[in-house]
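Notes for the one structure printed next.
The values are calculated or read from the model by the stated rules, or taken from the named source; none is laboratory data. Remember, predicted model here, so these are calculated numbers, not experimental data. Neighbour counts run over all protein chains shown; Cβ positions are idealised from the backbone, glycine included.
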Amino acid sequence: MAKIHFWIVVIIVAGFIGFMIGYAVPPFMEVGFGKGQAVQQGVSEEELMKQYQQILEEGGGGESE
Amino acid sequence: MQEIPRKNKVWALIIVGFFVLVSLVSYGFHEYYVYLQAYLWFGFIYGMCLQYGRFCFASAFRDLFAVGVPRMVVGIVIATMLFAFTSAFVNATGWSTFHPAPTSIHAVIAGLFFGIGMVFAGGCASGSLYKTGEGNGVALMVILSISVTQAIFVDIGGWFNKLVPESWRLSAAQKGLPPSINVTDGWVDQYLAGYVWNQPTLRFAEMLGMKTDSIAGAFLGNFFVGVVLPATVLLIWVYSVWVRKNVVKRAMESKGTVTFSDHLNGFWGMVTSSKRTAIAGLFLGIACGLQMFVIEGLRMKFGVKNAGTLLARLGFDYGLSAKGTVFDPGYWYVTTQEAQWVGWTLHKLTGINFMDNIFFGWVNGIPNPAFNPADWMSVALIGGSAVMALLQNEFKFKKPTRELATWAIIGGFFMGIGSRLGLGCNVGGFFVRAANGDPSGWLFGIGMIGGAFVGVKFFNWWTERKMAKEMAELEFEL
């Protein structure tokens, strides 16, 4: 095993994971850990459909890749 | 100590550098890409762990049934328990992205197909991914075969509609799906809407009257009753059938008697013999649990329930399902995204509508693979495995022979069918489900073990027959 290179890779991966945890933790802190409210926090199915319809109407529903 | 060639180290850094570049550039375009990057970097970790631990279900069961070596099976069972422990933490907080699957006999049948396929192919779904990262051409062919089979299987109708029981057809028609899905045309559509969706979704915690998002439910119901007990039964079975006789033989030779303590030592020796797979399993477990946290946190941060909304906001609305969603499990999955990229390609190239079925059109969509979160995970998984293989000097390009390629295609075909019947593979159908206290995971596992047994027996018969033929020809020539 090339140890130095392995640890370079580990540090890079840990850096990105840490960055993403930094993104993910504040919303949890706002809602509160361990209260099991995850399901209620997102946008509802109905709102999601409305949002999507709105985007479709705005964009004309065409391919936009 | 083995010296690692310099070019291996350089290539490893180039691969990591590529993913770093993708992450930085995409983040420069928009903050939403962090969501896809989460899939990418966790996929990378999975690849490193899989390669390090040789985490392949096909090799594990082939070693067990063909030559009686239980090391890797034991490692996988231990890994499942370790993952279950981290999952219990996530489940107890109520932030898990995991959803249990419908539980019924279909999971056993699906596992049977999958088990046969993985032995034929010489690699399971996750094993084929990490072996591709090691430069194995056969593994790449297995992935192609799984992908194409799934994409075609989920859309197949016509004559196959005649094989659908009337009760499934009627039940599917009553589900109120939009006309664009055309639910009564397609075997898998009617199987899903007419049969699978009617089955109960269970978890051990709820079955015992507890709540999954409570400490008792997560740790006692799902972890202890749902994972530790069945996993221990599995380990005892492996010990009794394959290890016990050696322990007895050794004890008889040295002391002339066998005590309970000898069996305990033998059992412990079996458990600790697979350190590498178990260590990989521990890190896999931590990464899987962490991914659930991160994805759920990002969903809250961006106010979405599914990556489809983010893709639409970014302007990539092509290939979203009728609900505006894409495949976004929030945890480790393998086969669905493989079906998606073939579905997307065939939809684009052939002009055939691949969005008129439930799998693509109603649930997962066929987004451009370049913006498909789960595809980012699989590509990075291959990359992570390649990096690990390079740094251990285990990377080697292996061109498939015609015979191995044929087995890869046949095996991939069976795995593709099994994956879609069971709504997942050895990872999504067994590993993640079993670890999260979903009994359907164990049902899939039972089928998979049975299928692996059938596959090994068939393979042995085939090899013996082939060798006998070759020997006969050799004698004739002599």
| remark: When (1) facing chain B (nearest Cβ under 7 Å); (2) modelled with pLDDT under 60; (3) part of a helix (DSSP H, G or I) are applied to A:LYS35, the one that fails is (3)
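Specify which of the listed residues (B:GLY416, B:GLY424) is away from every other protein chain (no Cβ under 13 Å), closer than 28 Å to B:MET300 by Cβ and buried (at least 24 other Cβ atoms within 10 Å of the Cβ).
Going through B:GLY416, B:GLY424 in turn, the sole match is B:GLY424.
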| From B:MET141, B:MET118, which residue is within 13 Å of the chain's Cα centre (by Cα) and farther than 18 Å from B:GLY43 by Cβ? | B:MET118
| Is it the case that B:SER378 is among the polar types (S, T, N, Q), within 22 Å of the chain's Cα centre (by Cα), within 14 Å of chain A (Cβ to nearest Cβ) and in a helix (DSSP H, G or I)? | no
| request: Could you grab me the full set of residues in the range B:198-232 that are among the β-branched types (Val, Ile, Thr) and more than 15 Å from B:PRO439 (Cα to Cα)? | output: B:ILE215, B:THR232
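Suppose the filter is closer than 30 Å to B:LYS7 by Cα, within 17 Å of the chain's Cα centre (by Cα) and either at the interface with chain B (Cβ under 8 Å from one of its Cβ atoms) or at pLDDT 75 or above (or both); does A:GLY42 pass it?
In short, no.
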| said: Restricting to the range B:306-323, name every residue that is facing chain A (nearest Cβ under 8 Å) and surrounded by fewer than 21 Cβ atoms within 10 Å (Cβ to Cβ). | reply: B:ARG313, B:GLY315, B:PHE316, B:TYR318, B:LYS323
| Can we say B:ILE4 is surrounded by fewer than 24 Cβ atoms within 10 Å (Cβ to Cβ) and outside any helix (DSSP H, G or I)? | yes
| task | Please determine, by comparing only the residues of the range B:29-55 that are outside any helix (DSSP H, G or I) and in contact with a helix residue (DSSP H, G or I) (Cβ under 8 Å, 6 or more places away or on another chain), which one is farthest from the other protein chains (Cβ to nearest Cβ). | result | B:PHE55
| task | Please indicate, with yes or no, whether at least one residue in the range B:121-139 is part of a helix (DSSP H, G or I), among the β-branched types (Val, Ile, Thr) and within 14 Å of another protein chain (Cβ to nearest Cβ). | result | no
| Looking at this structure, is B:GLY68 free of Cβ contacts under 8 Å to residues at least 24 places away in the same chain, more than 22 Å from A:VAL25 (Cβ to Cβ) and not aliphatic (A, V, I, L, M)? | no
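Being within 25 Å of B:GLY451 (Cα to Cα) and either at pLDDT below 95 or surrounded by 24 or more Cβ atoms within 10 Å (Cβ to Cβ) (or both), is that true of even one residue in the range B:83-94?
Scanning the range B:83-94 turns up at least one residue that is within 25 Å of B:GLY451 (Cα to Cα) and either at pLDDT below 95 or surrounded by 24 or more Cβ atoms within 10 Å (Cβ to Cβ) (or both).
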| task | Check B:SER26, B:SER87, B:SER59 and return the single one that is polar (S, T, N, Q), under 30 Å from B:ASN460 (Cα atoms) and in a helix (DSSP H, G or I). | result | B:SER59
| message | Among the residues in the range B:301-313, are any farther than 24 Å from B:ARG420 by Cβ and among the small types (Gly, Ala, Ser)? | response | yes
| field | Members of the range B:287-305 that are more than 7 Å from chain A (Cβ to nearest Cβ) and among the small types (Gly, Ala, Ser) | value | B:ALA287, B:GLY289
| query | Within the range B:443-463, can one find any residue that is within 14 Å of chain A (Cβ to nearest Cβ) and either of a type in the set (Asp, Glu) or more than 27 Å from B:ILE152 (Cβ to Cβ) (or both)? | reply | no
| query | Any idea which of B:ALA322, B:ALA280 is closer than 20 Å to B:ALA79 by Cα and either of a type in the set (Gly, Ala, Ser) or at pLDDT below 90 (or both)? | reply | B:ALA280
| In the range B:140-157, is there at least one residue being assigned to a helix (DSSP H, G or I) and of a type in the set (Asp, Glu)? | no
| task | Please state which one of B:ALA12, B:ALA92 is facing another protein chain (nearest Cβ under 9 Å), touching a His at 6+ places or on another chain (Cβ under 7 Å) and of a type in the set (A, V, I, L, M). | result | B:ALA12
| message | If a residue must be farther than 16 Å from B:ILE156 by Cα, over 26 Å from the mean Cα position of the chain (by Cα) and more than 12 Å from every other protein chain (Cβ to nearest Cβ), how many such residues does the range B:324-359 contain? | response | 1
| Is it true that B:PHE397 is touching a residue at least 60 places away in the same chain (Cβ under 8 Å) and either closer than 30 Å to B:GLY319 by Cα or away from chain A (no Cβ under 14 Å) (or both)? | yes
